[in-house]
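The structure follows.
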Amino acid sequence: MDFEAALTHELKTNIVALENRVYPLTAPEATAGQGVPYLIYASSEGLRDKALDGYMQSKAVHAEVNIVAARYGDMKAIARQVSALLIGMEGRVIGTDGPFIEELTYRQDPVEIYENQPGLYRCMIEFTVYFNEEDET
């Protein structure tokens, strides 16, 4: 199971309020009245570490999750749950047989915005995970 599949499994299994609405890059059109809350994720393929004798199996993967909800309080509550889940991934295998996450770091505070056109609240959380590529199956 690769990193994105494992992350999706973790989010769908552990964040009940999302009701399995976890999507890569984009989500179906949603309004304040239906299709929310949901989460959009994006991640890179990662950057492999390099030593003097060449590239290693370890890598860093930059990722982002966006929590979208109709109410500010709901967005905040789900963002807290997602943050706790992400932090809890450090030091364990994620998904059913995904990579072992050696380290997870945040580089900035989560960003919160209100989107006028759909009338929805969004919280963006950026993070980086470090693991060995050979752990992915």
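FYI, it's all coordinate maths here, none of it is from the lab. Being a predicted model, the structure only gives us computed values, none of them experimental.
For the chain, modelled as a Gaussian network with Cα springs under 10 Å, which listed residue fluctuates most, 41, 72, 121?
The residue with the greatest mean-square fluctuation here is 72.
What number do you get for the chain when its Cα radius of gyration is normalised by 2.2 N^0.38 Å, N = residues?
Numbers: Rg = 15.7 Å, N = 137, 2.2 N^0.38 = 14.3 Å.
Normalised Cα radius of gyration, the chain: 1.10.
Further question on the same structure: Please compute the length gained on full extension between residue 12 and residue 112, using 0.36 nm multiplied by the number of residues separating them and subtracting their Cα-Cα distance. Could you put the intermediate results ahead of the total?
On the way: separation 100, 0.36 × 100 = 36.00 nm, distance 2.19 nm.
Here the answer is 33.8 nm.
Roughly how many Å is it from the Cα centre of region 97-119 to that of region 53-87, as a whole number?
3 Å
Here's a follow-up. Based solely on its DSSP helices, what 222 nm [θ] is calculated for the chain when runs of n ≥ 4 H residues each add -39,500 (n - 2.57) and the sum is averaged over all residues, nearest 500 deg cm²/dmol? All intermediate terms of the calculation are to be shown ahead of the outcome.
On the way: 2 runs with 29 residues, N = 137.
-7000 deg cm²/dmol, from helical runs alone.
Okay, next question. Pick from 16, 36, 93 the residue whose mean-square fluctuation is largest in a GNM of the chain, springs joining Cα atoms under 10 Å.
16
Who wins for biggest fluctuation among 81, 108, 117 in a Gaussian network model of the chain, springs between alpha carbons below 10 Å?
Among 81, 108, 117, the largest mean-square fluctuation in the Gaussian network model of the chain belongs to 117.
Counting only C-alpha contacts under 8 Å and six or more residues apart, can you give the relative contact order of the chain as a whole percent?
Working: 279 pairs, mean separation 39.1, N = 137.
Dividing the mean separation by the residue count of the chain yields 29 percent.
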